[in-house]
Structures are given as C-alpha cells and as structure tokens.
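Input: a single structure, listed below in structure tokens.
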Amino acid sequence: MEHLECCARFLRGTLVRAAVRRYLPWALAASMMAGSLLKELSPLPESYLSNKRNVLNVYFVKLAWAWTFCLLLPFIALTTYHLTGKAGLVLRRLSTLLVGTAIWYVFTALFSNIEHYTGSCYQSPALERVRKEHQSKQQCHGEGGFWHGFDISGHSFLLTFCALMIVEEMAVLHEVKTDRSHRFHTPITSLVVALGFLTFIWVWMFLCTAVYFHNLSQKVFGTLFGLLSWYGTYGFWYLKSFSPGLPPQSCSLNLKQDSYKE
C-alpha cells in the first residue's frame, strides 16, 4: 500500500497541475507535427512498436475508449460523491461518459465513411491496378485486395481525446483529501494510479502513431478532431448550466450546492 500511495502522490504532482491541462493540447499537436515530419524526412528503423500487433496496440489502444470509460466511471462517481454527497450530481457528472461515448461513436463512423467514399480497391499496396468490381473495404479485403482511401487517424483522434479527458477529470484531486481511515481512500488511490499510467500509455502510443503510422494530413485531421472534441466539451459546453458540468472545485463554487462553474 505504501508503494501505491507513493505512486499516487507522484501522479498527483504530475498530472493534476493546471499547467498540464493548459499545455498538454499544445504538446500533443506539436509532437504530432514533429513525429510526422520525422517519419517523412528521416524514417525511424522498424521496431516492435512499429508492428501493429504489439501488445500495447492490440490490448490497449484498440480498446482505448473502453479502458478510459471503465476507469473514469468509478473515479468520477467516488470523487463527486465524496465532495458533494449528492447522488444527483454523481449521475450528472457520469453523463460525461455518455457524451464521450457518443463522440467516439460518431467520429469513428465518420472516419470509416470518409475512407469508404474516397477509396478504391487495388490489387496490392503498390496501387498498381484498380479492382472496380469491389465497392467496399470489407469486400476488397475479403478477396485479397488492398483498399486505399483517405484514412483519418483514429488513433490520433481517440488518444488525444482520452488523454485530455482523463487529465481534466483528475483536476478534482485538488479538492479530494482522504486519509487511510477513509472508506474511499484505497479505491481512489488505486484509480489515480491506474488512470495516471493509462494517460502515459495514451501519450506514448500517440507519439508512436506520429512517427510510425499514417501520413501527415491523416494525423492532422485526427488530432484536430480530438482537440475539438475536448475543447467543445470541457472548454465550452461543460461550462454551461445545462451540461454535465466540470469536476467540482471548491475554489469556484460551494461544493454542497447543486451548481457548477458557469
């Protein structure tokens, strides 16, 4: 338990800083550009991380929203109830996960449709001959072809959105104070560690995507949609009274009142 608490203290001091929330979006955008330029001008040699079948990609990135959802759900519920004691506010804040799920679903479907309507089926990755008889990606792959369209980077989009969402929600730790005797101490501490490490994985895999996969324009659009999703929610809509609201912060409101920063 002592090691867990030390790790939690380190993550609190690292991810909960206001500077992290302020500069992380810019850092992600800059690293995407730098990694993409490196890929175009001086590609890195092949490595384990450049293989799409690597463990982090298969078991974490491809399930990025599921991991984020499952860890944020108890974290938001416990911290909000601990600070406010109101079940209604807990449900209201948990609706951020429904919003996030809708964002994930809509953009994933949008990217898939864009790739479909801008693509064609080719004989091989060299794009040597169009196979016009195959009009969908699934049919093309099923017949051994190669589908080529404008494939917006879903990884760039989702990893950006998930990392920024976790950092925004962890800002509540400025207000959460528990000692070892408190009933929420152990679960909150465990969730802080899990969410912290998950954030580092998302940022690391975002960098790997930048230097190994997709072209520059595909990653620009993916990252841009991730940033817009984050800003549209936490930077705009959640500031309104008719929204799920921001994580409760006593510096901007009375925590025992049913209100949020507006």
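Return the subset of Lys219/Lys240; Lys177/Lys240; Lys177/Lys219 for which the Cα-Cα distance in this structure is over 29 Å, preserving the input order.
Exceeds cut-off: Lys219/Lys240; Lys177/Lys219.
Express in nm, to one decimal, how much length is gained between Phe242 and Arg183 on full extension, taking 0.36 nm for each residue of separation and deducting their alpha carbon distance.
Extending this stretch completely gives an extra 18.1 nm.
Specify the angular offset, from 0 to 90 degrees and rounded to the nearest 10, of the alpha carbon long axis of helix 64-84 from the longest principal axis of the alpha carbons in the chain.
10 degrees
Given contacts defined as C-alpha pairs under 8 Å and at least six residues apart, what's the relative contact order of the chain, whole-number percent?
Contact order relative to length: 30 percent.
Rank by packing, highest mean first: peptides 91-104, 116-129, with packing defined as the count of other Cβ atoms within 10 Å averaged across residues.
91-104, 116-129
For a test of the definition: using alpha carbon positions, the gyration tensor, and the 1.5 limit on a/c, classify the range 146-256 as rounded, prolate or oblate.
Note, shape of the range 146-256 comes out oblate.
Under 5 Å between amide hydrogens, which residues at least 5 positions from Arg131 or on another chain qualify, with H placed 1.01 Å from N in the peptide plane?
Result for Arg131 returns Cys121, Tyr122, Gln123.
For the range 137-244, what is the relative contact order in percent, using Cα pairs closer than 8 Å and at least 6 residues apart in sequence?
So the answer I get is 46 percent.
Can you tell me the length gained on complete extension of the stretch Gln249 to Ala126, counting 0.36 nm per residue apart and subtracting the Cα distance?
Contour length minus the Cα-Cα distance gives 38.8 nm.
Per-residue HN-Hα couplings for the range 88-105, Karplus 6.51 cos²θ - 1.76 cosθ + 1.60 at θ = phi - 60°, whole Hz, x for Gly and Pro?
x, 5, 4, 5, 4, 6, 5, 5, 4, 6, 5, 4, x, 5, 5, 4, 4, 5
Between the DSSP loop rule and a limit of at most 12 other Cβ atoms within 10 Å, which chymotrypsin sites (Phe, Trp or Tyr not before Pro) in the range 174-255 are left?
The qualifying sites are Phe236, Phe242.
Which angle between 0 and 90 degrees, to the nearest 10, do you get for helix 18-41 versus the longest principal axis of the chain when only C-alpha atoms count?
So the inclination is approximately 10 degrees.
Using 0.36 nm per residue of separation minus the Cα-Cα distance, give me the extension gain between Tyr59 and His174 in nm, one decimal.
Result: 38.3 nm gained on full extension.
Per-residue HN-Hα couplings for the range 223-237, Karplus 6.51 cos²θ - 1.76 cosθ + 1.60 at θ = phi - 60°, whole Hz, x for Gly and Pro?
Whole-Hz 3J(HN,Hα) from phi for the range 223-237: 5, 4, 5, x, 5, 5, 5, 5, 5, x, 8, 6, x, 9, 5.
Tally up the carbon and sulfur contribution to the accessible surface of the chain as a whole percent, 1.4 Å probe, everything protein left in place.
In the chain, the share of accessible area belonging to carbon and sulfur is 64 percent.
What whole-number volume per residue, in cubic angstrom, does the convex hull of the C-alpha atoms of the chain give?
143 Å³
Between Glu46 and Trp204, what FRET efficiency comes out of the Förster formula 1/(1 + (r/R0)^6) with R0 = 22 Å and r the beta carbon distance, rounded to 0.05?
For Trp204 and Glu46, the calculated efficiency is 0.80.
Give or take rounding to whole Å, what are the principal axis extents of the alpha carbon atoms in the range 62-196, in descending order?
Each principal axis gives a Cα extent; for the range 62-196 these are 68, 26, 21 Å.
The values are calculated or read from the model by the stated rules, or taken from the named source; none is laboratory data. Since the structure is predicted, the reported quantities are computational estimates derived from the model, not experimental observations. In this analysis, Cβ positions are derived from the backbone assuming ideal geometry, glycine residues included, and neighbour counts consider all displayed protein chains. Accessible surface is based on the protein model in full, side chains and every heavy atom, while ligands, DNA and RNA are left aside. Shrake-Rupley method; radii C 1.70, N 1.55, O 1.52, S 1.80 Å.
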